[in-house]
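What follows is a set of notes on a single structure, which appears directly below.
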């Protein structure tokens, strides 16, 4: 008689954004006349840039003729894309990463969810708290996280590193030694960053204790301040301890096109075994490459025209971020983020819980945000708004919130 | 100190097709003047059909404008695609499958590799032998398969069901009871099928012993004979025991576009838990949907024009299959397959091993095929040729083989 993976059953409730979608859907049904503005899920709204559209049309045409048709892609990605990534995202900023250390995929969510597979079953993970739910949930599904305590919202076998107003959202080195450390900077959900010196502390720590940092840099394109790393490989020693995950979703609007990549330097080893070789094996066995036309679209992102066009989009979203941040602060909200990231993280007023504030904002302002507690226990009492809406909607949402 | 997933290290050598690619590459370097014909890997060569190309261009244009832009897709697939699949692939042939039992993905390889995750860690799997390597390898990576015996090519904790000339490639019910049974018909690599009655035996068996059948139907479009099921749900009782995996790669040439789907009826339960709910949770946590434009391309496959165009392509490949089969048999090879599948499975001459025959064919005829032993121990002494080449190359390859 077959049995299921019991670890799946340990997951409390459903994925955060599914819950939000259900609440919004119920509200909309009950209030069909209200105009909802969504500043909740981190989905973009600007269309794909013209240069990338042109590339998509060209590669679609290639697929229409036997001479230029492309079947199975190389498991790890086409060289034309891996080369331009290595050049633009790494060599240009002095980071020592070669094209064959770059694994092209269908997105950062898939990669950040599956990367745990190549580690030992009893690995101990450390996460910032609050945190992108995928890191913890996928380790729950793999049976690594122990027992869930509904009262605290914590798993018994996970090291939580609180990031709150009290420590200025800079996680402290854990007292218990982890095997895997998930870091995401610029951070989702808080929108905060580390300085280069602060990130170097983590790289040094990981090398010292033999941990691997899984560095999610999906939001690096939003960095505006000096002295904030675009890549963890700007830190000395990162090649022996850090995996970096990148996305085309937030810098070029690929949420509906699906493209990302993971960098695994060949210097990360356990004995003779490189993590690079294990991830290559996983790609070769459980994945069949990202679509050719999407990889060509990714290449177009790096063209001069593509770069100019996506910079405009990022500036558009960051203008929204400024409007949200300034608007909220003008009526007394405490906020962080919004300077190097498209997320604004606010302290809920009057000690409201995150979900109470969610309901309040939905009902009174018809604005959808994301409850901080959905990202972990230290997110309780916080709330995330995103800058990915349209300018008009962002302005209107903030005006509504200011009037509450 | 971090450690790796030791189960990955148990995998002997590299993925079959990587090994072939390396051998061919070495031969090509040493013999730059020889024209290699590849009838090895199951990749298509015909371009994407015009109706599908038109759909791709249209949806690319949608992505260019904010009003019609599509961001994150629904985790489980767009309704427009799930509905047409349910209607065309199931309801039309009298199979009771609803749209919300269909999970759209980036391909059958990803799904057939990841589906094992939702089962208990100590589940026992049964596979046909020979078999598509992904089923076994992904269970190896999950630590389910015991110890590998290089002498026999078998894992200690896998039930092998030999399919050879001796049993006419019809697997016998195992004596030991499995939890999960992988079946692929029309079969890769042998190209053979089961009749409806023979498949019903498996459905009845699975229901009796409480096993789940993972039914890979990637090649169903190639079925030409009556009384061969296009879907396992044509069998009575399959809703309580069978998961079906389908692909757009082989019926519509999507190997480079990446689209597939998995069907999990809500009636497959362990206690109160449906496999449907677990797979939905996995999709929601580790996957972010197939690209919008690719899902629109999938929809176009089901249009009247799309259907007519892909039928022509399938007929083209099946004409190749006929040429291969007839050519081989005319010089005394024993073959199966090629009637309901694009694969021809031949017995190597003079008791050559599969890899010896691979080298022989590569060196003497400059034709690349796939060694049967790469698909499992009972594949030793067999060899796979595929019908996915161009007509001209197929004819030339067979002429070369006939002259050996």
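Worth a mention:
- Flag if residue A:4 is facing chain B (nearest Cβ under 8 Å), touching a strand residue (DSSP E or B) at 6+ places or on another chain (Cβ under 6 Å) and surrounded by 15 or more Cβ atoms within 10 Å (Cβ to Cβ): yes
- Filter result (part of a helix (DSSP H, G or I) and free of Cβ contacts under 8 Å to residues at least 60 places away in the same chain) within segment B:18-37: B:18, B:21, B:22, B:25, B:26, B:28, B:29, B:30
- Inspection of segment A:192-214 finds a residue satisfying the criterion of being within 14 Å of chain B (Cβ to nearest Cβ) and under 20 Å from residue A:107 (Cα atoms).
- Only residues that are within 12 Å of chain B (Cβ to nearest Cβ) and in a loop (DSSP other than H, G, I, E, B) were counted in segment A:119-152, giving 9.
- Single residue of B:346, B:404 found to be more than 30 Å from residue B:117 (Cβ to Cβ) and out of contact with any strand residue (DSSP E or B) (no Cβ under 7 Å at 6 or more places or on another chain): B:404
- Scanning segment A:6-17 for residues that are assigned to a loop (DSSP other than H, G, I, E, B) and out of contact with any helix residue (DSSP H, G or I) (no Cβ under 8 Å at 6 or more places or on another chain) returns a single hit, A:12.
- Any hit, segment B:89-112, residues being out of contact with any helix residue (DSSP H, G or I) (no Cβ under 9 Å at 6 or more places or on another chain) and either over 23 Å from residue B:42 (Cα atoms) or surrounded by fewer than 22 Cβ atoms within 10 Å (Cβ to Cβ) (or both): yes
- Residues that are more than 11 Å from chain B (Cβ to nearest Cβ), in a loop (DSSP other than H, G, I, E, B) and either at pLDDT below 95 or under 19 Å from residue B:106 (Cβ atoms) (or both) within segment A:237-275 comprise just one, A:248.
- Unmet requirement for residue B:189, which otherwise passes all of (1) under 23 Å from residue B:372 (Cβ atoms); (2) in a helix (DSSP H, G or I): (2)
- Lone qualifier among A:324, A:293 - being facing chain B (nearest Cβ under 9 Å) and surrounded by 24 or more Cβ atoms within 10 Å (Cβ to Cβ): A:293
- For segment B:216-234, the count of residues that are in the same structural domain as residue B:245 (by TED's automatic domain parsing), within 30 Å of residue B:6 (Cβ to Cβ) and part of a loop (DSSP other than H, G, I, E, B) is zero.
- Only one entry in B:99, B:142 is without any contact (Cβ under 8 Å) to a residue 24 or more places away in the chain and either closer than 26 Å to residue B:289 by Cβ or not assigned by TED's automatic domain parsing to the domain that holds residue B:176 (or both), namely B:99.
- Yes/no for residue A:279 being in the same structural domain as residue A:222 (by TED's automatic domain parsing) and either closer than 30 Å to residue A:117 by Cα or crowded, with 21+ Cβ neighbours inside 10 Å (or both): yes
- Residue in segment B:178-186 that is within 27 Å of residue B:92 (Cα to Cα), in a helix (DSSP H, G or I) and modelled with pLDDT of 95 or more present: no
- Residue match in segment B:10-17 (condition: touching a residue at least 12 places away in the same chain (Cβ under 8 Å), farther than 30 Å from residue B:395 by Cα and more than 9 Å from chain A (Cβ to nearest Cβ)): yes
- Residue A:20 being more than 8 Å from chain B (Cβ to nearest Cβ), buried (at least 18 other Cβ atoms within 10 Å of the Cβ) and touching a helix residue (DSSP H, G or I) at 6+ places or on another chain (Cβ under 8 Å): yes
The values are calculated or read from the model by the stated rules, or taken from the named source; none is laboratory data. Only a predicted model underlies this, so the values are computations on that prediction, with no experimental measurement involved. Here Cβ is always computed from backbone atoms with ideal geometry, including for glycine, and neighbour counts include all displayed protein chains.
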